[in-house]
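Engineer: Submitted below is the structure of interest, expressed as structure tokens.
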Ligand code: FES
Ligand SMILES: [Fe+2]
């Protein structure tokens, strides 16, 4: 949906100019960016649907034939793994009368059958069967070419098991898009990633705009007050900010030493990592909606699913680099690690939801940034302002 001229004016282009100023004079995105349904549509069309946005992970469809329907800012999509093990994304809509094709996660037996008139598609999207299309007892019809009515594929890419889509089909190549971050984390290469299993996967339903979850994730500033226990093994003073105008920002910690058990035993690390990664971590928001955490022994991806201007689902999947970490011997540590991360994300609920409530106030006009502490947050705001403007 193209925004009307009126909509563009009411969503505050003037506010975007202020965002782009040097950090000491800048203010953040205007309140409308967090509360307005019109703004959310503009944002969907100009940002979420026009670049590389994360919609899920390969771990959600682990075996050939696995299907997972999902939405991106309200648009129905289908993530699946085909018979050869390749991930694919299609628009989740039947070519006949536009029925939502798959409504529940599950497994395909034989193909994707539309529940309405039973048209059936292969896992490659090809339309295979159209029963009674030419009348009872027929499978064909004069002038109807099945090849023209397959499922519409979505341009996609997979990186560190995160599935990204470009709905516009016009974004720069994914390889170029990800090159700066892939370079930063080049020590990890393209590692094997072992999902930790059901307990290493969780979703949090937040009463806030998705951008507030990104902003809060970018900064370490709040650590001592919001995450006192995390701050005990990864202190504010051990953190450094990360800003990259190509499209990511966040923070790193030089000291990451949680105690997952009495003996202080950790998971086996990725072999061959340089020393500087041992006992260290980086947390990077890959704009727009992907939050990544990397450590010598485990990795996680969080993707934000915007449901409304003031509601977001935050999904997390934790992976280990060494398959040995999945064994019985590490069961208790795996559970402790998952609990610990879930606790950290839950601890942020109060502040992201509180910032959302604050954005109903006319007394707040984007706020200010601390040049010393809020650089990564400002980096995200600038990226958003450029994408929207
Ligand atoms: S809408 Fe799918 S078969 Fe008719
Ligand atoms: Fe936090």
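A short reminder: the numbers here are calculations on the coordinates, not readings from a lab. Here the structure is a predicted model, which is why all the values come from computation and not from measurement. Here the Cβ is made from the backbone with ideal geometry for all residues, glycine too, and neighbour counts use every protein chain on show.
Engineer: Any chance you could tell me what percent of the C-alpha pair distances in the range 181-384 go past 26 Å?
Structural biologist: On the way: 6666 of 20706 pairs.
Result: 32 percent of Cα pairs exceed 26 Å.
Engineer: Who wins for biggest fluctuation among 276, 235, 18 in a Gaussian network model of the chain, springs between alpha carbons below 10 Å?
Structural biologist: 276
Engineer: Which value does Rg/Rh take for the range 266-375 over its C-alpha atoms, Rh per Kirkwood? Could the numbers behind the result be given before it?
Structural biologist: Numbers: Rg = 17.6 Å, Rh = 16.6 Å.
Rg/Rh for the range 266-375 comes to 1.06.
Engineer: Another question, then. Using a cut-off of under 14 Å, list every residue of the range 66-100 whose amide N is near the label point 7 Å from the Cα of residue 133 along the Cα-to-beta-carbon line.
Structural biologist: Counting only backbone N, you get 94-98.
Engineer: Then there is this: Please report, in Å, the Rg and the Dmax of the range 85-234, where both are computed over Cα atoms only.
Structural biologist: That works out to 22.2, 72 Å for Rg and Dmax.
Engineer: Return the FRET efficiency for the residue pair residue 144, residue 168: r is the Cβ-Cβ distance, R0 is 22 Å, and the value is rounded to the nearest 0.05. Could you put the intermediate results ahead of the total?
Structural biologist: Details: r = 30 Å, r/R0 = 1.35.
According to the calculation, E is roughly 0.15.
Engineer: Hull surface divided by four, with the convex hull built on the Cα atoms of the range 21-178: how many nm²?
Structural biologist: That works out to 12.6 nm².
Engineer: Can I ask one more? If you find the alpha carbon centre of the range 242-297 and of the range 348-375, how far apart are they in angstrom?
Structural biologist: Comparing the Cα centres of the range 242-297 and the range 348-375, I get a distance of 26 Å.
Engineer: With springs only between Cα atoms under 10 Å, which of 56, 266, 183 fluctuates most in a Gaussian network model of the chain?
Structural biologist: Of the options given, 183 has the highest mean-square fluctuation.
Engineer: Just to be sure I understand: with springs between alpha-carbon atoms less than 10 Å apart, which residue in 217, 144, 248 has the highest mean-square fluctuation in the Gaussian network model of the chain?
Structural biologist: Answer for the Gaussian network model of the chain: 144.
Engineer: Oh, and also: Roughly speaking, what is the centre-to-centre gap between the range 133-205 and the range 32-62 when only Cα atoms are used, to the nearest Å?
Structural biologist: What the calculation gives is 15 Å, centre to centre.
Engineer: What is the calculated FRET efficiency for residue 329 to residue 255, with r their C-beta to C-beta distance and R₀ = 25 Å, to the nearest 0.05?
Structural biologist: On the way: r = 26 Å, r/R0 = 1.05.
After rounding to 0.05, the efficiency reads 0.45.
Engineer: Can you give me the relative contact order of the range 181-384 as a percent, contacts being Cα pairs under 8 Å and 6 or more apart?
Structural biologist: With pairs under 8 Å counted, the relative contact order is 31 percent.
Engineer: I'm checking a number: the convex hull volume of the Cα atoms of the range 232-321, normalised per residue, in Å³. What is it? Spell out each step's value before the answer.
Structural biologist: Values: hull volume 12.2 nm³, N = 90.
Each residue corresponds to 136 Å³ of Cα convex hull volume.
Engineer: Another question about this same structure. Compute the semi-axes of the equivalent ellipsoid of the chain, taking the square root of 5 times each eigenvalue of the Cα gyration tensor, and list them largest first in whole Å.
Structural biologist: On the way: eigenvalues 280, 169, 58 Å².
Equivalent ellipsoid semi-axes, largest first: 37, 29, 17 Å.
Engineer: Rounded to the nearest 0.05, what FRET efficiency do residue 233 and residue 99 give with R0 = 56 Å and r taken as the Cβ-Cβ distance? Could you check?
Structural biologist: Values: r = 51 Å, r/R0 = 0.91.
Once the sixth-power term is evaluated, E becomes 0.65.
Engineer: To test your reading of the geometry: what angle, between 0 and 90 degrees and rounded to tens, separates the Cα axis of helix 174-184 from the longest principal axis of the chain?
Structural biologist: Compared with the principal axis, the helix lies near 20 degrees.
Engineer: Moving on. What nm value, rounded to one decimal, do you get for the distance between residue 336 and residue 37 when each label is placed 7 Å out toward the C-beta?
Structural biologist: So the label points at residue 336 and residue 37 sit 4.8 nm apart.
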